[in-house]
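Read through the structure below, which is laid out as structure tokens, and then see the notes.
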Amino acid sequence: MKRTPLKRKTPLRSKRVTPRRKAPVRCTVARCTKRPAVQVEAGERYCAGHATDLADKLVGDFVKNRDQHRCVLQSFNRQPCYQPQQVYWCHMIPKGRYRATRWEPDNAVTGCAGHHMAFDNAPIEKDAWCEAWLGSARWDQLRAQARGQKAVDVALVIQAYR
């Protein structure tokens, strides 16, 4: 007997009832279709990218307010600022490679674009400046934290800096 490509009709008595599917859970950010990886509160979920962006913005704003929106790195090389009205969130220990200290406020200062570039391009002077800025004990502790720990939970960072 040959099979037919048409669906077989089922009798009315044995009609299958398929359960309704729930709406897919998505990131809270508008037009984002990714599945959430981070849940901050009951109705607030973010995909990994949006959660990282939000945590970066919150901690960056905290650091800028702490440093009163001025270029702290001007004391690094004693040169005048190129754009003193526009400051950035600068990391002493790189944020991409060492995720444990990415959102640590002691690991960040504010700086203009010129000083930020000079700061990153002079590693020996950068290390000496960071040790003088934080103190040798805190600088050593921060470097050990960067090497030894795993990444921090993004949801905890977002909750802490709100």
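FYI, it's all coordinate maths here, none of it is from the lab. These numbers come from a predicted model, not from an experiment. Virtual Cβ from ideal backbone geometry, glycine too; neighbours counted across all protein chains shown.
Quick check: residue separation of Asp56 and Lys22 times 0.36 nm, minus the Cα distance between them. What number comes out in nm?
Here the answer is 9.0 nm.
Please rank Leu134, Leu54, fewest neighbouring Cβ atoms within 10 Å first, as an exposure proxy.
Final ranking by Cβ density, sparse to dense: Leu134, Leu54.
Can you compute the charge dipole magnitude of the stretch 23-118 about its Cα centre, using +1 on each Lys and Arg Cβ and -1 on each Asp and Glu Cβ, nothing else charged? Give it in debye, rounded to the nearest 20.
Roughly 300 debye for the stretch 23-118.
Order 142-155, 30-43 from most to least packed using the mean count of other Cβ atoms within 10 Å.
142-155, 30-43
Along the charge dipole of the stretch 55-152, pointing to its positive end and built from +1/-1 on Cβ of Lys, Arg, Asp and Glu, which listed residue (Val109, Phe76, Val152) has its Cα farthest out?
Going by the Cα projections, it comes out as Val152.
Order these by the 10 Å Cβ neighbour count, fewest first: Phe119, Phe62.
Lowest count first: Phe62, Phe119.
So which aspartates and glutamates pass the test for Lys150, namely a Cα distance under 16 Å, with those fewer than 8 places away in the same chain ruled out?
Glu104
Direction-averaged shadow area of the convex hull around the Cα atoms of the stretch 91-162, nm²?
Seen from a random direction, the Cα hull of the stretch 91-162 projects 5.3 nm² on average.
Can you grab the distance from the C-alpha centre of the stretch 127-161 to the C-alpha centre of the stretch 70-100, Å, no decimals?
16
What is the gain in length, in nm to one decimal, between Arg138 and Ala42 on full extension, counting 0.36 nm per residue of separation less the C-alpha to C-alpha distance?
30.9 nm
Hey, got the dipole for the chain? About the Cα centre, +1 on K and R Cβ, -1 on D and E Cβ, debye to the nearest 20?
2720
So how far apart, in nm, are the two label points at Arg162 and Arg3 if each is 7 Å from Cα heading toward Cβ?
Placing both labels 7 Å along Cα→Cβ, they lie 5.3 nm apart.
What does the chain give for Rg and for Dmax, in Å, if only its C-alpha atoms count?
For the chain, the Cα-based Rg and Dmax read 25.4, 91 Å.
Could you tell me which of the pairs Lys34/Lys64; Lys57/Lys126; Lys64/Lys95 are separated by over 26 angstrom between their Cα atoms in the structure shown?
Lys34/Lys64
Report the FRET efficiency, 1/(1 + (r/R0)^6), for Asp153 and Arg31, where r is their Cβ-Cβ distance and R0 is 35 Å, rounded to 0.05.
Approximately 0.85, to the nearest 0.05.
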